[in-house]
Structures are given as structure tokens and as C-alpha cells.
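Inspection log for the structure reproduced underneath, given as C-alpha cells.
The values are calculated or read from the model by the stated rules, or taken from the named source; none is laboratory data. All values reported here derive from a predicted model rather than from experimental measurement. No Cβ is skipped: glycine too gets one built from the backbone with ideal geometry, and neighbour counts run over all protein chains shown.
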Amino acid sequence: MTSPSARLLRQLSAGFSNQHQAFENPPLFAHILVKFRPLPQLAPGSLLLEQCYSMDPGRPYRIRVLRVEQGSEGLVIHNQAIAQEERFWGAVEDSERRQQIRQEDLRLLEGCTYLVKETADGFIGEVEPGCRCLVERKGATAYLVSSFELDGQGMRTVDRGHDPSSHEQLWGSLAGPFEFERTDDYSSELPSDWLQG
């Protein structure tokens, strides 16, 4: 019997694409690639996340180090920014550069931890309540409302930015969730000691 955190790490350590959705409905959905790769040199459960438009894979618009942890309140995913992140653009495809990411490069993003629950065939998660996950985009500060559903076939995500004062939606999904299909499996790169217990 594997632990929920081990199952979550296995399902997350993958590449995803919404190519089918983007080609079906290009006005509403850009073609996006999302990849999560284990970072064995960091704390157990650490994954590099890169999210980019398919036409510009070398310039991710989101790069983070996520850390899966089984906390006292249940499963969580900590969201960490990387200092001078441009140094590591494309590292998701470059093992030497991935190995150069160090704990001191990371800063925990306050209010941006995902609270995760197990489902019959996967997981659902959402950013912790409180409107404290602040992000800069297009020169404006917004708080992030974000959720995901993950299973063996793929992942569905909703990301929206809201004005901290008026709570009006500034950017993000208007036409429903992004539907990502699994394209790559990186779970073999997970250190075995992360999967114990």
C-alpha cells in the first residue's frame, strides 16, 4: 500500500499538453505545455514546474519548485519561487541545470500552498483560502484563485487572477478548465526513499 503523498508524486511527475483542446477551440484556449520533474538534490517531494506556450518552450511564463508534503492537516503542495528564475528556464529538459537548483534559490510563496484531497482515481487541490496568494502579471497585482484535478489520464486546471480590492476577475479562464492530457512520464526519476511510508 503506497502513501497518498507517493501516489501524488507519481501522478504529478509527468508532462502534460492541452493540444487537443487548443486545436478544437483556439480562440478560448492557448496551447500550453506543463512539466513537473523531480529534484532529488532538494527536500523530499520537490518537483520543478515549468509552464509555457507551445510556440515558445524556452521561455516559460511560470517556473516554480513545488514540494509535496503530508502535513498534520493532510496533503499539501508548497509553492516556491526561484531567485533569478531566468537562469533555469528550460531546465525541465536539462538534467545538469536542474541539478544546480539549490534550497537557497527558493522562497516560499506565502498564501499559495495547495490543499490536496485524494479521490477514487487521483487528487483534487486548491490554493489555500484567504486571498493571500499575490502574483504580478501585466504590471498589476492580483490574488490567485487556482484549482486542479489530477488522475492517471491527465489534469484539469483553473487559474484566475482577481483584483485585491474589488475582487473582480482580471485574467484567467473564462471558458472553463484547461484540459491537459499526459504526454510524458517522469515518475521513474523519483528517488525511492521519497516513496516510502
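Observations on the model:
- The stretch 118-130 residues that are hydroxyl-bearing (Ser, Thr, Tyr), paired with ones that are exposed (fewer than 14 other Cβ atoms within 10 Å of the Cβ) and assigned to a strand (DSSP E or B) (beta carbon under 6 Å, 6 or more apart): none
- Filtered residue count, the stretch 91-109, keeping only those that are loosely packed, with under 15 Cβ neighbours inside 10 Å, in contact (Cβ under 8 Å) with a residue 40 or more places away in the chain and not in a helix (DSSP H, G or I): 2
- Scan of the stretch 6-18 for residues that are assigned to a helix (DSSP H, G or I) and within 24 Å of Phe178 (Cα to Cα), ordered by number: Arg7, Leu8, Leu9, Arg10, Gln11, Leu12
- Among residues of the stretch 58-84, those that are within 21 Å of Glu136 (Cα to Cα) and of a type outside the set (Val, Ile, Thr), counted: 13
- If you go through the stretch 120-148 and keep only what is modelled with pLDDT of 95 or more, outside any loop (DSSP other than H, G, I, E, B) and surrounded by fewer than 17 Cβ atoms within 10 Å (Cβ to Cβ), you end up with Ile124, Glu126, Ser147.
- Count of residues meeting criterion [out of contact with any helix residue (DSSP H, G or I) (no Cβ under 6 Å at 6 or more places or on another chain), under 27 Å from Glu86 (Cα atoms), hydroxyl-bearing (Ser, Thr, Tyr) and touching a residue at least 24 places away in the same chain (Cβ under 8 Å)] in the stretch 5-51: 1
- Selection status of Gly45, small (Gly, Ala, Ser) and within 15 Å of the chain's Cα centre (by Cα): yes
- Any chance Cys112 is touching a residue at least 40 places away in the same chain (Cβ under 8 Å) and either closer than 22 Å to Ser146 by Cβ or crowded, with 16+ Cβ neighbours inside 10 Å (or both): no
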